[in-house]
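The values are calculated or read from the model by the stated rules, or taken from the named source; none is laboratory data. Bear in mind that the values here come from a model prediction, so they are computed numbers and not experimental data. Neighbour counts run over all protein chains shown; Cβ positions are idealised from the backbone, glycine included.
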Amino acid sequence: MSKSIDQKSNKIYSSWKSPSNIALIKYWGKHGRQLPNNASISFTLSHASTTTSVIASPRPSNEKLAIDFLFEGQSEPNFGRKIDKFLTSIRDEFFPFLYSYHLEINTANTFPHSSGIASSASGMSALALCLCDIDQQLSGQAEYNESFFRKASIIARLGSGSAARSVFPTMSVWGQHPQILGSDDQFAIGIQQNIDPVFKTFHDDILIVSEKQKSVSSTAGHNLMNNNPYAKARYHQAGERMSQLMKALESGDVETFGKITEDEALTLHALMMCSDPSYILLEEGTLSVIKWIRQFRAESNIPVYFTLDAGPNVHILYPDQYTRQVEQFIADHLQQYAQNGRIIKDFVGQGPEKLG
Ligand code: DP6
């Protein structure tokens with residue numbers, strides 16, 4: 001059993017590296033306690049990740065949480081307050097040990113803070129894994145089994161919905177869908193065993209069109225879905241697209257995969273544009289990159305597609321066998337749209353890793 005309890009001080013230690021993920025069918029709209037209004041599916045990434053270490057030291061029992069939070073070695077009172085609020089909301093149900101332990105949380109991202117890449121999925125999943133690990137060590141359990149990762153997915157979801165999907169390798173689904181066995185609103189499930197090997201080789205080159213913070217947060221965007229006149233049709237559409245995408249993933253149909261993925265990205269931004277108030281997160285460069293990708297694909301027959309998250313940056317998706325041609329295309333035509341030339345080269349990954 002991999003126990004990290006210091007016998008003298010009774011300190012318990014846990015460290016996990018957890019990846020970000022990019023949704024193909026988007027989670028956009030939620031209800032209740034962080035429950036999704038439709039099922040979503042994502043690629044787990046590899047390079048874009050957060051490493052979190054937690055040291056739990058025994059202390060006299062107290063109502064008030066005792067947490068020191070360091071982000072990349074610096075104290076970050078803003079993040080610290082958010083973490084404090086989050087842990088207070090889940091402590092009674094999941095981690096009563098927080099009453100009698102002090103936590104020192106150290107966290108760092110592999111991608112630059114200002115890169116426009118959201119860190120909530122990797123950050124919340126890494127923290128959830130550390131807390132579940134400490135809790136498990138305290139209760140004398142040993143295994144990092146299915147129920148461990150399921151619990152981590154629940155905790156990650158409560159921190160940030162999309163984080164629920166980061167705790168599994170390759171691809172995962174979050175949200176109940178009638179055709180996906182075991183799918184659930186409370187936690188994500190890994191689906192790598194059902195998908196064609198070509199999708200396990202996919203690259204995701206993230207072209208940073210703008211490093212600026214988003215003008216409307218995802219949480220505010222989800223809330224605007226409550227009054228969006230197209231919401232009902234959207235949730236129905238997401239369910240249909242999920243069925244079609246699952247078929248394409250199982251049969252290795254890259255073209256259908258690409259069509260659905262691009263349609264989803266544009267639907268997400270169309271929903272923002274028809275919210276009240278309406279808003280636009282796309283930049284001119286985003287549209288130029290999208291047009292170039294479509295033109296290049298039509299002319300070359302190379303299966304390269306785009307998706308977007310809730311921001312202007314473009315995720316360029318393609319199977320490994322086309323790396324040379326796509327890299328050349330990016331250098332010739334897309335690089336000019338990358339702010340400070342920044343493109344994060346990522347690919348489908350193996351999921352979280354326990355570091356200690
Ligand atoms: C567009 O998970 O960031 O990236 O649950 O409020 O933390 P909260 O929202 P968040 O929303 C992600 C939205 C998305 C689509 C997706 O990842 O599925």
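If you go through the stretch 70-104 one residue at a time, how many are within 30 Å of residue 345 (Cβ to Cβ), hydrophobic (A, V, I, L, M, F, W, C) and over 20 Å from the mean Cα position of the chain (by Cα)?
Count: 1.
Only one of (1) more than 16 Å from the ligand (Cβ to nearest atom); (2) of a type outside the set (Ser, Thr, Tyr); (3) farther than 30 Å from residue 195 by Cα fails for residue 16. Which number is that?
Tallying (1) more than 16 Å from the ligand (Cβ to nearest atom); (2) of a type outside the set (Ser, Thr, Tyr); (3) farther than 30 Å from residue 195 by Cα, residue 16 fails exactly one: (3).
Does at least one position in the stretch 56-64 carry a residue that is closer than 19 Å to residue 355 by Cβ and touching a residue at least 12 places away in the same chain (Cβ under 8 Å)? Let's see the steps before the verdict.
Filtering the stretch 56-64 for residues closer than 19 Å to residue 355 by Cβ gives 56.
Of the ones still in play, those that are also touching a residue at least 12 places away in the same chain (Cβ under 8 Å) are 56.
Yes, the stretch 56-64 has at least one match.
Which members of the stretch 187-219 meet the condition of being among the basic types (Lys, Arg) and surrounded by fewer than 18 Cβ atoms within 10 Å (Cβ to Cβ)? Show your work before the answer.
Quick first cut of the stretch 187-219, residues among the basic types (Lys, Arg) only: 200, 212, 214.
Selection gives 212, 214.
For the stretch 331-352, give me each residue that is farther than 16 Å from residue 313 by Cα and of a type in the set (Asp, Glu).
Correct list: 332 only.
Regarding the stretch 103-123, can at least one residue be identified that is modelled with pLDDT under 95, within 14 Å of the ligand (Cβ to nearest atom) and touching a Phe, Trp or Tyr at 6+ places or on another chain (Cβ under 7 Å)?
Yes, there is a match, as at least one residue in the stretch 103-123 is modelled with pLDDT under 95, within 14 Å of the ligand (Cβ to nearest atom) and touching a Phe, Trp or Tyr at 6+ places or on another chain (Cβ under 7 Å).
Starting from the stretch 286-302, take each residue that is farther than 16 Å from residue 259 by Cα and list its partners that are surrounded by fewer than 14 Cβ atoms within 10 Å (Cβ to Cβ), counting only C-beta distances under 9 angstrom and pairs at least six apart or across chains.
Between residues of the stretch 286-302 that are farther than 16 Å from residue 259 by Cα and residues that are surrounded by fewer than 14 Cβ atoms within 10 Å (Cβ to Cβ), the close pairs are 288/336.
Name the single residue that is nearest to the ligand (Cβ to nearest atom) among those in the stretch 266-285 being among the hydrophobic types (A, V, I, L, M, F, W, C) and in contact (Cβ under 8 Å) with a residue 60 or more places away in the chain.
Residues of the stretch 266-285 among the hydrophobic types (A, V, I, L, M, F, W, C): 266, 268, 270-274, 280-282.
Next, only the ones that are in contact (Cβ under 8 Å) with a residue 60 or more places away in the chain stay: 268, 271, 281.
Details: 268: 6, 271: 10, 281: 10 Å.
For the stretch 266-285, the residue satisfying everything is 268.
For the structure I just gave you, tell me whether residue 28 is crowded, with 16+ Cβ neighbours inside 10 Å, at pLDDT 95 or above and either more than 13 Å from the ligand (Cβ to nearest atom) or over 15 Å from the mean Cα position of the chain (by Cα) (or both).
On the way: crowded, with 16+ Cβ neighbours inside 10 Å: yes; at pLDDT 95 or above: yes; either more than 13 Å from the ligand (Cβ to nearest atom) or over 15 Å from the mean Cα position of the chain (by Cα) (or both): no.
Here the answer is no, as residue 28 does not meet what is asked.
Can you tell me which residue among 46, 89 is touching a strand residue (DSSP E or B) at 6+ places or on another chain (Cβ under 8 Å) and either within 24 Å of residue 204 (Cα to Cα) or not aromatic (Phe, Trp, Tyr) (or both)?
Details: 89 fails: touching a strand residue (DSSP E or B) at 6+ places or on another chain (Cβ under 8 Å).
Unique residue meeting the criteria: 46.
Within the stretch 179-232, can you find the residues that are away from the ligand (no atom under 14 Å from the Cβ), in a helix (DSSP H, G or I) and at pLDDT below 95?
Of everything in the stretch 179-232, those that are away from the ligand (no atom under 14 Å from the Cβ), in a helix (DSSP H, G or I) and at pLDDT below 95 turn out to be 192, 193, 194.
Of all residues in the stretch 332-356 being under 17 Å from residue 303 (Cα atoms) and assigned to a helix (DSSP H, G or I), which is nearest to the chain's Cα centre (by Cα)?
The qualifying residue nearest to the chain's Cα centre (by Cα) is 334.
Does the stretch 126-168 hold any residues that are in a loop (DSSP other than H, G, I, E, B) and either within 16 Å of the ligand (Cβ to nearest atom) or acidic (Asp, Glu) (or both), and which are they? Let's see the steps before the verdict.
So the first thing to find is which residues in the stretch 126-168 are in a loop (DSSP other than H, G, I, E, B), and the list is 139-145, 160, 168.
Within the stretch 126-168, 143, 160, 168 qualify.
On the basis of being part of a loop (DSSP other than H, G, I, E, B) and in contact with a helix residue (DSSP H, G or I) (Cβ under 9 Å, 6 or more places away or on another chain), does residue 176 make the cut? Working first, answer last.
Details: part of a loop (DSSP other than H, G, I, E, B): yes; in contact with a helix residue (DSSP H, G or I) (Cβ under 9 Å, 6 or more places away or on another chain): no.
No: the conditions fail for residue 176.
On the basis of being in contact with a Phe, Trp or Tyr (Cβ under 6 Å, 6 or more places away or on another chain), of a type outside the set (S, T, N, Q) and away from the ligand (no atom under 16 Å from the Cβ), does residue 98 make the cut?
Working: in contact with a Phe, Trp or Tyr (Cβ under 6 Å, 6 or more places away or on another chain): no; of a type outside the set (S, T, N, Q): yes; away from the ligand (no atom under 16 Å from the Cβ): yes.
The answer is no for residue 98.
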